[in-house]
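See structure below.
The values are calculated or read from the model by the stated rules, or taken from the named source; none is laboratory data. Here the structure is a predicted model, which is why all the values come from computation and not from measurement. Neighbour counts run over all protein chains shown; Cβ positions are idealised from the backbone, glycine included. We work out accessible area using only protein heavy atoms, side chains counted, and drop any ligands, DNA or RNA first. Shrake-Rupley method; radii C 1.70, N 1.55, O 1.52, S 1.80 Å.
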Amino acid sequence: MTYKTFAFVYDEVMDDTLYEQWLNFSRRHLPKQTERILELACGTGRLAVDFAKAGYEVTALDLSEEMLAIASKRALEKETEIQFVQGDMMELSEVGQYEAITCFSDSLCYMENRRDVQQVFDEVYQALEDEGTFIFDVHSIHQIDDIFPDYSYHYQTEEFAFLWDSYQGEKAHSIEHFLTFFVKQEENKELFIRKDELHKERTYSLETYLMMLEGSGFMNVQVYADFTDEQPNEQSARWFFVCQK
């Protein structure tokens, strides 16, 4: 399962400052009266906890049991009340309705094709209350086509080693991340177990995202770049969308 091994070292390799930036961006663009948030693809719960500490009533959804186990433990340790739900963001009919829904960390880029992205947009639209807000980010075409290919990142501690290498995917504007983990055994601390995972991401043009959002019914869609309130340019790495129902 995607992230099965990654879940246990995810917090070690993620940049802590990103969560603060996602929170700050959201607070700038969510209506002041927003109280109830659904966070899609919540991962290990770092941002969900930050949302809760900022005063929001948070429901957090993820497909991975491993991620949710870590997220639940984190929420308990941080003394925050968060409702965690195991589920697929392509099927939100049972999660209720919310004033705002977020989906960060380029999670939508893991959708296999445009049809799946469109389904997520359709599901989010139905799960939002009237005049609700949907905020998400994706990799730009520049990031996928020019920055990621041949990217290599290696990280190690006493407990594990992590290798991340990226290569151009077969489809247009796609990338494949090959992740290798060496995790120390519980029984024998001198032995490490190797795990390999393949993560595939794909993005589309700004025009395509805007067309799909309009097809789902969203209005007044604003696009920003790289955690700022500035419009994207050719060098932008991450696109942010703020959409109104």
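What the table shows:
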quantity	calculated
Given charges at Cβ of Lys, Arg, Asp, Glu: the chain dipole, positive-most of Phe241, Tyr151, Gly132	Gly132
Furthest towards positive pole of dipole, Val9, Val58, Met89, structure part region 1-150, Cβ charges	Val58
Carbon + sulfur, % of accessible area of region 134-245 - ligands and nucleic acids excluded, 1.4 Å	49
Within the accessible area of region 7-98 (1.4 Å probe), percent carbon and sulfur	44
Accessible area of the chain divided out per residue, in Å², using a probe of 1.4 angstrom	52
3J(HN,Hα) from dihedral phi, region 116-126, Karplus parametrisation 6.51/-1.76/1.60, rounded to Hz, x for glycine, proline	5, 4, 4, 5, 4, 4, 4, 5, 4, 4, 6
Estimated FRET transfer efficiency when R0 is 30 angstrom, pair Glu159-Met90 (beta carbons, to 0.05)	0.30
Met211 accessible area, 1.4 Å probe, all protein chains in place, Å² to nearest 10	100
Distant-in-sequence amide H partners of Gly87 (H built 1.01 Å from N, under 5 Å)	Asp62, Leu63
Karplus (6.51, -1.76, 1.60) ³J(HN,Hα), θ = phi - 60°, over region 43-55, in Hz, Gly and Pro reported as x	x, 7, x, 4, 6, 4, 5, 4, 4, 5, 5, 7, x
Lysine pairs meeting the criterion (Cα under 22 Å, 8 or more apart or interchain), as found in the chain	12
Zone of Glu131's modelled label, taken as backbone nitrogen in region 228-245 under 19 Å from a point 7 Å along Cα→Cβ	242-245
By accessible area with a 1.4 Å probe, ligands and nucleic acids excluded, highest first: order of Ser26, Ser93	Ser93, Ser26
Karplus (6.51, -1.76, 1.60) ³J(HN,Hα), θ = phi - 60°, over region 80-96, in Hz, Gly and Pro reported as x	10, 9, 9, 8, 9, 10, 7, x, 9, 6, 8, 8, 10, 5, 9, 9, x
